[in-house]
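Written below as structure tokens is the structure these notes are about.
The values are calculated or read from the model by the stated rules, or taken from the named source; none is laboratory data. Only a predicted model underlies this, so the values are computations on that prediction, with no experimental measurement involved. Please note: Cβ atoms are built from the backbone with ideal geometry, for glycine as well, and neighbour counts cover all protein chains shown. Each accessible area value is taken on the protein alone, full model and side chains, heavy atoms only, with ligands, DNA and RNA left out. Shrake-Rupley method; radii C 1.70, N 1.55, O 1.52, S 1.80 Å.
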Amino acid sequence: MRFKVAALQFTVIAVSLIFASAAAARTINLVGFGDSLMAGYQLAPGEGFPEKLQAALKAKGLDVAIANAGVSGDTTTGGLARIDWSVPDGTDGVILALGANDALRGIPPEESEKNLDRMISRLKERGIAVLLVGMMAPPNMGADYAERFNPIYRKLSEKYEVRLYPFFLDGVALDAGLKLDDGMHPNARGIDVMVEKMEADVTNFVGTISSVKK
């Protein structure tokens with residue numbers, strides 16, 4: 001009788017460990033939400049930022065899937081309008097990278113901040129983690145505009161206690177060899193630089209999600 005009870009206990013423990021292991025190995029689903037910088041403007045299939053970032057993370061042994069929800073030309077207004085349906089249920093985290101087109105069009109920074117604020121709020125209400133990616137106003141917009149626009153990402157990061165990657169085009173913006181002929185969008189090598197620079201931050205972001213989801 002004792003043998004049967006012990007065998008039953010062993011079976012229960014074994015099954016529990018199997019389920020625990022499966023839960024720990026669950027794929028982390030991310031969405032790259034942004035504009036043409038996220039969408040992979042004029043790049044070949046598989047050369048966009050979400051795709052290359054996913055490959056880099058998988059090479060490190062991380063079980064992640066990154067959906068590309070970038071829309072060329074999108075502003076924070078457009079992003080707010082589609083945030084609910086572009087980020088499906090089951091998403092664990094969003095890499096939120098919008099605002100570049102707002103700055104290029106001279107949209108009041110206060111409006112951009114309000115839109116980003118509402119997007120972050122909606123995602124957090126759904127229990128979705130956010131990695132906020134900052135943008136910088138182009139020099140031709142002038143110092144006053146930059147002083148109003150550039151700080152909004154830090155402010156929102158602190159307000160909602162979400163992770164911040166300061167500048168999406170870090171290492172690319174001032175290097176013509178890493179951009180397309182339009183002088184604005186990254187080429188395939190530029191995407192590689194962006195992934196390399198951001199990989200550690202995203203790895204930490206994924207780690208935070210994993211610890212919460214266990």
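The table that follows gives values for the structure above.
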| quantity | calculated |
| --- | --- |
| Among (1) closer than 23 Å to L169 by Cβ; (2) among the small types (G, A, S); (3) more than 16 Å from the chain's Cα centre (by Cα), the one test that A81 misses | (1) |
| Residue within region 181-196 that is closer than 26 Å to L43 by Cβ, in a helix (DSSP H, G or I) and acidic (D, E) present | yes |
| Residue in region 30-38 that is surrounded by 23 or more Cβ atoms within 10 Å (Cβ to Cβ) and part of a helix (DSSP H, G or I) present | yes |
| Matching residues, region 165-214, being of a type in the set (F, W, Y) and either touching a residue at least 60 places away in the same chain (Cβ under 8 Å) or more than 17 Å from N101 (Cβ to Cβ) (or both) | Y165, F168, F205 |
| Out of L104, L80, L116, L123, sole residue that is aliphatic (A, V, I, L, M) and in contact with a Leu (Cβ under 7 Å, 6 or more places away or on another chain) | L116 |
| Residue satisfying condition, being in a loop (DSSP other than H, G, I, E, B), on the phi < 0 side of the Ramachandran plot and among the aliphatic types (A, V, I, L, M), within set L57, L62, L96, L53 | L62 |
| Residue tally, condition touching a Lys or Arg at 6+ places or on another chain (Cβ under 7 Å), β-branched (V, I, T) and without any contact (Cβ under 8 Å) to a residue 40 or more places away in the chain, over region 55-100 | 0 |
| Residues that are farther than 30 Å from E125 by Cα and hydrophobic (A, V, I, L, M, F, W, C), drawn from region 162-214 | V172, A173, L174, A176, L178, L180, M184, A188, I191, V193 |
| From L98, L131, L123, L104, residue being under 19 Å from Y41 (Cα atoms) and in contact with a strand residue (DSSP E or B) (Cβ under 6 Å, 6 or more places away or on another chain) | L98 |
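One line per residue, one yes/no per condition, for (1) part of a helix (DSSP H, G or I); (2) open to solvent by less than 60 Å² (accessible area, probe 1.4 Å):
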| site | (1), (2) |
| --- | --- |
| G78 | yes, yes |
| A81 | yes, no |
| G90 | no, yes |
| A103 | yes, yes |
| E111 | yes, no |
| K114 | yes, no |
| D117 | yes, yes |
| L131 | no, yes |
| D144 | yes, no |
